[in-house]
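A short worksheet on the structure shown next.
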Amino acid sequence: YVWIDGFGGLRSKTKVITGSSLNIVGSISNFVDSAMAALQALEANLARDTEANYVMAEYVWIDGFGGLRSKTKVITGVSLPASIDSLKSRLPVWNFDGSSTGQAPGQDSEVILKPQAVFRDPFRGGSNVLVMADCYTPGGEAIPTNTRAGAAALFAQKPEEEPWFGIEQEYTLFKDGTPLGWPKCNARSMGPCVQLGYPGPQGPYYCSAGSDVCFGRPVSDDHMHACLYAGINISGTNAEVMPGQWEYQVGPCVGIDSGDHMWMSRYIMLRICEAHGVTVSWDPKPIPGDWNGAGCHTNYSTKAMRETENSYETIMKPMLANMEKKHMEHIAIYGEDNDKRLTGAHETAPIDKFSYGVANRGASVRIPNETAKNGKGYFEDRRPASNIDPYLVTGKIFKTTVLDLA
């Protein structure tokens, strides 16, 4: 989508339209050379894999520091091409050395990996897969860093509520220690102490176009294509307010699927950044000063919120009242260093105060105009930081708005 901004310039952002018969490979613009090369390599993999009898399954898990780890399992004796559904039953429980990931002591270091969600592998192509796994002791108990198990248990209590989540993941791209579009050295100008090449005030960067204001589009585009190939429910992407900062949206996803899709989308981002020689930061305030932070705004609804007439008054407002009571409980799991972001400035509410309002991006929770007009729909929790654990956040929102009110 392209539009003229308030300064006579052009802005744009991407909306993913599903259910189309378009040829993805044929529709990629020729300027995204790296994405085209990657997709051509995937086609070659598809052709080769029909002659093989194995698949490579990349097991991905959350480590003891909130990061992601992975390793490859080769599964033989597979008739190719193989569907994800046919492979799920072939994926074994596996293990790894937890003493090297901050998840187990050296004298008892075996941690068990259980496959939970399976996606197509956009890097190897063919019938190869990415596997989102969670972690257990050899005795079968979820280890402390396994937040997925707790979230899944919460959602399992009331599956009929059909909670939908749409999460807006903001991130910042760094090269050689500085964000893209920022100065790469400490050179200073003569006279006033102004750093050469320092970007101008935020304003022209959001949904921008042009090499003077837009930094990192090839990474964003490659990530979007890879997520679509993998089967992640990515729904859009855009450049953000600070130079070098971007956002993509994942959802709507139901219940535990939201955390699975979000974590795997982050893994794919890490791999895409490897290929581009840049680093992704999930820090909620990567640059101090008069710059927007990075969040993970979480859009949320239940079946009753979406379908019940006048649910805004009868269902959502009681939910919001309970969210206000539990405000600091939510803040406690809404991301590290979130106090640097939730200041009451830069489209945020103060970290110690809960508020909500129609179309208010300075509130803790924004009620969309459409929801207020129709009397039903969804709301957006704007408090979560970009470095949240989506399993914790989605589970907590569901508990506060549904289970605690039952």
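The values are calculated or read from the model by the stated rules, or taken from the named source; none is laboratory data. For clarity, every value in this text was computed on a predicted model and none was experimentally measured. Don't worry about glycine lacking a Cβ; one is built from the backbone with ideal geometry, like all the others, and counts go over all protein chains shown. Heads up: the accessible areas ignore ligands, DNA and RNA and are worked out on the full protein's heavy atoms, side chains in. Shrake-Rupley method; radii C 1.70, N 1.55, O 1.52, S 1.80 Å.
Summary table below
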quantity: Where a residue in the range 321-334 is of a type in the set (D, E, K, R) and its partner, wherever it lies, is surrounded by 13 or more Cβ atoms within 10 Å (Cβ to Cβ), with Cβ under 7 Å and at least six apart; calculated: Glu324/Phe354; Lys326/Thr400
quantity: Residue in the range 43-55 that is modelled with the highest pLDDT, counting only those that are open to solvent by 50 Å² or more (accessible area, probe 1.4 Å) and of a type outside the set (Lys, Arg); calculated: Tyr54
quantity: Complete set of residues in the range 186-218 that are among the hydroxyl-bearing types (Ser, Thr, Tyr) and modelled with pLDDT of 85 or more; calculated: Tyr205, Tyr206, Ser208, Ser211
quantity: Conditions (1) over 18 Å from Pro179 (Cα atoms); (2) touching a Cys at 6+ places or on another chain (Cβ under 7 Å); (3) in contact (Cβ under 8 Å) with a residue 60 or more places away in the chain: number failed by Val280; calculated: (1)
quantity: Any hit, the range 33-42, residues being modelled with pLDDT of 90 or more and among the aliphatic types (A, V, I, L, M); calculated: no
quantity: Any hit, the range 198-212, residues being under 12 Å from the mean Cα position of the chain (by Cα) and in a strand (DSSP E or B); calculated: no
quantity: Subset tally (residues that are assigned to a helix (DSSP H, G or I), farther than 14 Å from Glu168 by Cβ and open to solvent by 10 Å² or more (accessible area, probe 1.4 Å)) for the range 250-262; calculated: 2
quantity: Subset of the range 263-282 [part of a helix (DSSP H, G or I) and touching an Asp or Glu at 6+ places or on another chain (Cβ under 9 Å)]; calculated: Trp263, Tyr267, Ile272, Ala275, His276
quantity: Matching strands (runs of 3 or more DSSP E) fully within the range 291-388 where at least 2 residues are of a type in the set (Asp, Glu) and open to solvent by less than 50 Å² (accessible area, probe 1.4 Å); calculated: 379-381
quantity: Every residue from the range 115-166 that is within 25 Å of Ile84 (Cβ to Cβ) and among the polar types (S, T, N, Q); calculated: Gln116, Ser127, Asn128, Asn146, Thr147
quantity: Lone unmet requirement of (1) more than 18 Å from Glu168 (Cβ to Cβ); (2) touching a residue at least 40 places away in the same chain (Cβ under 8 Å); (3) not charged (D, E, K, R) for Gly357; calculated: (2)
quantity: So Val16, is it surrounded by 14 or more Cβ atoms within 10 Å (Cβ to Cβ), modelled with pLDDT of 85 or more and within 28 Å of Val219 (Cα to Cα); calculated: yes
quantity: Pairs, first closer than 18 Å to Pro350 by Cα in the range 361-388, second in a helix (DSSP H, G or I) and modelled with pLDDT of 95 or more, C-beta under 6 Å, six or more apart; calculated: Pro384/Val393; Ala385/Asn338
quantity: Number of positions in the range 103-123 that are modelled with pLDDT of 95 or more and surrounded by fewer than 17 Cβ atoms within 10 Å (Cβ to Cβ); calculated: 1
quantity: Single match in Leu173, Leu228 (criterion: within 23 Å of the chain's Cα centre (by Cα), open to solvent by 50 Å² or more (accessible area, probe 1.4 Å) and modelled with pLDDT of 95 or more); calculated: Leu228
quantity: Any chance Gly126 is crowded, with 22+ Cβ neighbours inside 10 Å and within 24 Å of Val55 (Cβ to Cβ); calculated: yes
